[in-house]
1. Give me the pairs: first residue in the stretch A:494-509 and free of Cβ contacts under 8 Å to residues at least 60 places away in the same chain, second residue part of a loop (DSSP other than H, G, I, E, B) and surrounded by 17 or more Cβ atoms within 10 Å (Cβ to Cβ), beta-carbon distance under 7 Å, and six or more apart or on different chains, which are they?
2. Kindly indicate whether A:V543 is of a type in the set (V, I, T) and over 20 Å from A:G12 (Cβ atoms).
3. Against the definition (more than 14 Å from chain A (Cβ to nearest Cβ), in contact with a Gly (Cβ under 9 Å, 6 or more places away or on another chain), assigned to a helix (DSSP H, G or I) and not polar (S, T, N, Q)), how does B:E136 come out, yes or no?
4. Does A:T496 satisfy the condition of being touching a helix residue (DSSP H, G or I) at 6+ places or on another chain (Cβ under 8 Å) and over 17 Å from A:A21 (Cβ atoms)?
5. I'm checking my understanding of the structure. Among residues of the stretch A:422-465 that are of a type in the set (V, I, T) and within 16 Å of A:Y352 (Cβ to Cβ), which one is surrounded by the fewest Cβ atoms within 10 Å (Cβ to Cβ)?
6. Which of (1) part of a helix (DSSP H, G or I); (2) within 11 Å of another protein chain (Cβ to nearest Cβ) does B:G157 not meet, given it meets every other one?
7. Would you confirm whether any residue within the stretch A:420-438 is closer than 27 Å to A:R77 by Cβ and assigned to a loop (DSSP other than H, G, I, E, B)?
8. Checking the conditions here, which among B:Q147, B:Q118 is closer than 17 Å to B:D50 by Cβ, modelled with pLDDT of 95 or more and surrounded by 14 or more Cβ atoms within 10 Å (Cβ to Cβ)?
Amino acid sequence: MALKRVNAVVVGGGAGGGIVAKELAVAGLSVVLLERGKWYTPFDDRKDDLRNQRTCVLGNSFGPDEERNPRVFVDSRGQEHISRSNDGTYSNNAACVGGGTLSYGAMAWRFLEKDFRMRSTYGTVDGSTLDDWPISYADLEPFYEKAEWEVGVSGDDSNNVFRAPRKRALPMPPLPPNHEYQLLKPAALRLGLHPFDLPMLRNSVPYNGRAACMRCRWCVGFACEVDAKNGTQNTVIPTALKSGNCELRLECIAKEISTDSHGNATGVAYFDRNGRLQEQPADVVVVSCSAVESARLLLNSKSRLFPNGLGNRHDWVGRNLQGHAYTGAAGLFDHDTYDDLGPGASIAICDYNHGTRGFIGGGLLANEFIRLPYQFAGLRIPGVPRWGVAHKEFMRQFYRRSVYVMGPMQEMPVFEARVEVDSRVKDHWGIPVARLSGHRHENDVIGAKFLAAKAEAWLKEAGAIRTVAFDWVSRDSLSGGQHQAGTCRMGNDPRTSVVDRSCRIHDADNVYVVDGSVHVTNGGFNPVLTIMAIAYYVSDNLVKSWKGTHGHS
Amino acid sequence: MKSGSKLDRRAFLQAAIAAAAAAGLGCSRNGTPWRFFTLEEARTLAAICDQMIPPDHDPGAAWAGVVNYIDRQLCGPLRRLRQTYRAGIAAVDETSRRLHATPFADLTSPLQIEFLRQMEAGQVPAGIWKQNSSPEFFGLVVDHTMQGFYGDPRHGGNRDGVSWKMLGLPYPPIRGRLRYDLTKL
């Protein structure tokens, strides 16, 4: 039975979908926002260090459910594994209102101008589908600003000499420096680097009616207890609902996008919270499920016109799955560095994002969020056993005397790194699950090694008596994860991309993809602010064209 | 307490097991204080865990309730690892009996450490370790011991926040709302 037709159905209430739903609803379009997860309040999160969205050895706190949502992971030897949402191979983000933005670390980066012109900057790269974006930093600049002011960013990048031009400063000042900041800043300056207060989607002062951060240790992986971390769940989605034009439906599992005989979408078929199959008719469908699930939904939307899935005429849907080659180093000190002042991450450099000889791209470096004891127990230092009295002594001696500097190495997109739908394994609702396979590009490994060495050098200059560079990035490992991107590439040529420069699928007039999937490349930065900026940019175009064609309706 | 003396150590271990198990009373099954383990399995596992995080001037894994933690998770989120534990602990004791004619928990502390090093390196007699290799099972127990000792007390380990106090973290943990001054809104 079909439900009442609306102007737009948005699938996924995360960073991208939350913003599109709000922008369309406020502009007067009727919107249904389908979210597969629940809506958590700040008090629902029990600050559990073994069960949260980053350390999920006992499960994750914000979904998806471990039993009902398997994926298939194909390892580097071609062996298939059933992956659960708290396995490292799953590439989980979250399944809840706000998506990853409820529990993220909330770094709020603008990409640099070169990040949109990677092929023009570095040329073609063997083994990679590296390309330029069809849009530029300048196209997104006003929408970065809108995200910074509407969702709320604190920080101060005026000392970042590498930053792309901005018209307006950030709306909130940075949080006062923590101890790590005070060690790392003068060290960076002595090394000739350009440190600055990193931008965060976190209130440093009361903002938009919500509190300022009170600097507890439960930040990345957790929901903010005083609602000082800004995601779509406490900003744009409530605004969308207040407009009266948006209905949010929770625990709804999208099955497929329905299309007519002309190839245009007619709506979305989904299972509601009671497991009943529903059909939501809409004039426009917006897919915002993040890179793995957006690709899965398109691939599962098969029809006579689209036998291989919607938007997949040229076999690009699900290709180029990327994230970041996360790397860095740990430094041990002979004095306390721990001050219990969250979120921990506070200072960054962009000296190594571009222009290093020997590899392409690079990434930012910043100190890490507070490390809870069980996480620190997993640190491997050569010569220190992983158990026994020596390990206990190491924990006692260095838990409060350690600093990590970490960074996301920009990855080279690889065509074979991909999301497919599995032909046999189905989820709880009988829908074919995502199947992940592929490998990284060699450049990721080289760049990650370089960044880790630079992190080590920075820590040494800050006084570390011992350092260890992380070297876990290997060509055989598949990327994705919380920074997942790339699977529905934006481009002008329908033969080598999935969506056009307005994020509309080349094959259908009324289906948009708005999340990290459309990223041609993923920058050397946490991607969320770029996803938000794209969502504002797409909405702006969509509303304008809507008003052009539906002006009198 | 020093970890060298065999008798002291065994008496201490037994007290630790009883204390840890007491926390789990009310969930008992089959006449033991444990949900999943037999008394003998729990004794062996406590001895293993107590070598991974031994008692010194701070309590060790057994006192902190790590066996209780693992027992609880095997009836919860780690249910799928039940058979791995059953077979793994049996393999530890069978190996110990073959090499030393005694169960693992009754070995001297230096012998236990030596045993665990060999287990970690996979240097064990052939034919005993079937379901998982000895390094696999060892890695699993190390990880779960760290979780039970350094993780949140709500899961049945880290009794009284003992590891957090040891590391110099405020306990009970300071949470955001306790630090927040509502007058500054």
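1. Correct list of pairs: A:C503/A:V514.
2. Working: of a type in the set (V, I, T): yes; over 20 Å from A:G12 (Cβ atoms): no.
Taking the combined requirement at face value, the residue does not satisfy it.
3. Working: more than 14 Å from chain A (Cβ to nearest Cβ): yes; in contact with a Gly (Cβ under 9 Å, 6 or more places away or on another chain): yes; assigned to a helix (DSSP H, G or I): yes; not polar (S, T, N, Q): yes.
Taking the combined requirement at face value, the residue satisfies it.
4. Against the criterion (touching a helix residue (DSSP H, G or I) at 6+ places or on another chain (Cβ under 8 Å) and over 17 Å from A:A21 (Cβ atoms)), A:T496 does not qualify.
5. A:I446
6. (1)
7. Yes, there is a match, as at least one residue in the stretch A:420-438 is closer than 27 Å to A:R77 by Cβ and assigned to a loop (DSSP other than H, G, I, E, B).
8. Numbers: B:Q118 fails: closer than 17 Å to B:D50 by Cβ.
None of the others qualify; the one that does is B:Q147.
The values are calculated or read from the model by the stated rules, or taken from the named source; none is laboratory data. All values reported here derive from a predicted model rather than from experimental measurement. Cβ: placed from backbone, ideal geometry, glycine included. Neighbour counts: every protein chain shown.
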